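*Asks:* Sending over a structure as structure tokens; questions will come in a sec.
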Amino acid sequence: MNEARPILSVAAMRDAEAAAPCGLTELMERAGRGLAEATCRFAGPMPALILCGPGNNGGDGYVAARCLAERGIAVRVAALGEPTSDLARAARQHWEGPVERVENCSPAPVLIDCLFGTGLKRGLDPSLHERLLSLAQESHLAVAADLPSGVDADSGALLSPIPDYHLTVAFGALKPAHRLMPAMTQMGRVVVANIGIEADRRWFEIGTPALPAVRPDAHKYSRGLVHCLAGEMPGAMALSASAAARSGAGYVRVSTSRPIAGLPRSVVEVGDARLDDPRIGCILVGPGLGHLPQLLTLALTSNRPKVIDAEAISLVGDPARLRGQDAILTPHAGEFERLFGTLSGSKADQALAAAEASGAVIVFKGADTLVAAPDGRLGFAPPAPAWLATAGTGDVLAGMIAALRARGMAAFDAACAGVWLHGRAAEHAGPDMIADDLLEHL
Ligand SMILES: NC(=O)C1=CN([C@@H]2O[C@H](COP(=O)(O)OP(=O)(O)OC[C@H]3O[C@@H](n4cnc5c(N)ncnc54)[C@H](OP(=O)(O)O)[C@@H]3O)[C@@H](O)[C@H]2O)[C@H](O)CC1
Ligand SMILES: [K+]
């Protein structure tokens, strides 16, 4: 079972740190020890070079050096200068070995980057980031303490270039950058060292979903009726409706003015669209919609839950139009901007602002998909294969989420579950998959 792991912003991390009953010195001790242990497990007994910055990330490095030396590892330390924080100064004093200079130290098979963590405020000086890149290049394994130095912890932006790491050891909790582009692709394996803080769980990495059980007295309507509104290009809705049928909906119905090729025989095509049917668990509108804005208007006249995808998102026009609707929106970046405009802040900030403005659950898709709720909950997708970026996979996701919603899951939970299952289906389908192949793995 893959538990939802908390994700903390820099501000939330500082609060958690301040509230930790064990105190900051012990937190640093645990962080350094966790870094040493994770590095040993990953790299074995290879000689290591630890780069220490001026702040507490550097402090973690001095602690890790002591712990590695206690394990008999040949470890060297190189610093940018003397530590500037009290905690790091104390950690430096407990390191009994020599301290070289980052500018002229020689490389080692394992490079451990403890230059900067959550306190990074700007890009590294060019001479320093070039030094970091070259020391990483000359090592066999590069390990980042908390975050690669150069990454903005809250947004995942690269403030200066970073090498590709093999391992990143996050302290206490994941930070947004561990699950946001572009930083997430350069961190290698990401592990969390438990340092004993209490983490707020409103932001989290989406874990294995708990799906509703099928009751012994279930019938097709109680298991969830998905009503799809097919548009000008019904092939897209064929994918969505098939995905809904394969995601446990009891009954999938498609309103269409002409026969649709490729639907499973169990999916029913109907000529009319009676959306006041109280048995409808979720309406799906958008995939293959084309220029039929009236279908969105029709969906919005119904009080039933709905998933609004693809072209239908742009047709909403004003996010306030969704207030009072029980809606899940599934935009990619282009659709997001067309409806919500250019919002400021990180992708996380933007997703939350969009959820608040519309009152809808927002699935902000991409290599770093986020699920935002109007009440401030935010799910970050675990990494999914890059080969998911192919035509039709969004139609499949929309159908999956509609089915999970129709099965009675709350909107936010259904969206998170759909995103998680979609990523895992892609892993099973393999690198040459097309969207249709996902259906076999739902
Ligand atoms: N959160 C926890 O529970 C724990 C975290 N720990 C570790 O501490 C770091 C965060 O430590 P902090 O001291 O806040 O920050 P950093 O070490 O990342 O860096 C701060 C210093 O770096 C200077 N700075 C910032 N950006 C640059 C830059 N581009 N170039 C040069 N110098 C820079 C900054 O000084 P300025 O005044 O010049 O801005 C600071 O001196 C966290 O990531 C964990 O690794 C602890 O172990 C305890 C538990
Ligand atoms: K670091």
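*Asks:* Straight-line reach from residue 306: which lysines have Cα under 26 Å away, leaving out those fewer than 8 places along the same chain?
*Replies:* 220, 347, 365
*Asks:* Where in the range 1-88 are there trypsin sites (Lys or Arg not before Pro) that are in a DSSP coil and have at most 16 other Cβ atoms within 10 angstrom of their Cβ? Can you show the working numbers first?
*Replies:* Values: sites: 14, 30, 33, 41, 66, 71, 76; in loops: 71.
In loop regions of the range 1-88 (DSSP not H, G, I, E or B), the sparsely surrounded trypsin sites (Lys or Arg not before Pro) are 71.
*Asks:* Could I ask something else about it? Find the accessible area per residue for the range 136-277; the probe is 1.4 Å, ligands and nucleic acids are left out, and the unit is Å². Write out the running numbers ahead of the final one.
*Replies:* Working: 6120 Å² over 142 residues.
In whole numbers, the range 136-277 has 43 Å² accessible per residue.
*Asks:* Please list, by residue number, every one of the GluC sites (Glu not before Pro) in the range 146-237 that is coil in DSSP and has at most 14 other beta-carbon atoms within 10 Å. Each step should come with its number before you reach the end.
*Replies:* On the way: sites: 198, 205, 232; in loops: 198, 232.
Answer in residue order: 198, 232.
*Asks:* Between the range 245-286 and the range 149-200, what's the alpha-carbon centroid distance in Å?
*Replies:* 42
*Asks:* Which net charge results when you count Lys and Arg as +1 and Asp and Glu as -1 among the other residues whose beta-carbon is under 14 Å from that of residue 438?
*Replies:* On the way: positive: 246, 424; negative: 395, 427, 432, 436, 437, 440.
It works out to a net charge of -4.
*Asks:* Quick one: net charge of residue 240's neighbours, Cβ under 10 Å, K/R +1, D/E -1? It would help to have the intermediate numbers written out before the result.
*Replies:* Details: positive: none; negative: 309, 395.
Charge balance in the 10 Å sphere: -2.
*Asks:* Here is a follow-up. Count charges around residue 215 for me, please; just the other residues with Cβ under 14 Å from its Cβ, Lys/Arg as +1, Asp/Glu as -1. Mind dumping the intermediate values first?
*Replies:* Values: positive: 220, 223, 407; negative: 217.
Local net charge: +2.
*Asks:* Please compute the per residue accessible area over the range 300-341 with all protein chains in place, 1.4 Å probe, rounded to a whole number of Å².
*Replies:* Averaged over the residues of the range 300-341, the accessible area is 40 Å².
*Asks:* What part of the accessible area of the chain, given as a whole %, is carbon or sulfur when the probe is 1.4 angstrom? Could you put the intermediate results ahead of the total?
*Replies:* Working: 9500 of 18350 Å².
Roughly 52 percent of what the probe reaches on the chain is carbon or sulfur.
*Asks:* Please list the non-local residues whose amide H lies under 5 Å from the amide H of residue 75, H modeled 1.01 Å from N, same-chain partners needing a gap of 5 or more.
*Replies:* Distant-sequence amide H within range of residue 75: 48.
*Asks:* Right, here's the next one. Only helical DSSP H runs with n ≥ 4 go in: add -39500 (n - 2.57) per run for the chain, normalise by residue count and round the 222 nm mean residue ellipticity to 500 deg cm²/dmol. Let's see the in-between values first.
*Replies:* Details: 13 runs with 149 residues, N = 442.
The per-residue figure over the chain is -10500 deg cm²/dmol.
*Asks:* Using a Debye calculation, one point per C-alpha and no hydration shell, please list log10 I(q)/I(0) for the chain at q = 0.11, 0.12 Å⁻¹ in order.
*Replies:* Computed log10 I(q)/I(0) values: -0.83, -0.93.
*Asks:* For the chain, list the DSSP H helices whose alpha carbon atoms reach 15 Å or more along the long axis and whose average Kyte-Doolittle value is 1.0 or above? Display every interim value, and only then the final one.
*Replies:* Numbers: long enough: 24-43 (28 Å, -0.02); 56-70 (21 Å, -0.34); 126-137 (16 Å, -0.08); 234-246 (18 Å, 0.65); 347-358 (16 Å, -0.05); 393-406 (20 Å, 1.14); 411-429 (27 Å, 0.33).
Both cut-offs are met by 393-406.
The values are calculated or read from the model by the stated rules, or taken from the named source; none is laboratory data. What you see is a predicted model; the values in this text were computed from it and never measured. Note: ideal-geometry Cβ built from the backbone for every residue, glycine included; neighbour counts use all protein chains shown. Just so you know, the surface numbers come from the protein's heavy atoms only, side chains and all, with ligands and any DNA or RNA stripped out. Shrake-Rupley method; radii C 1.70, N 1.55, O 1.52, S 1.80 Å.
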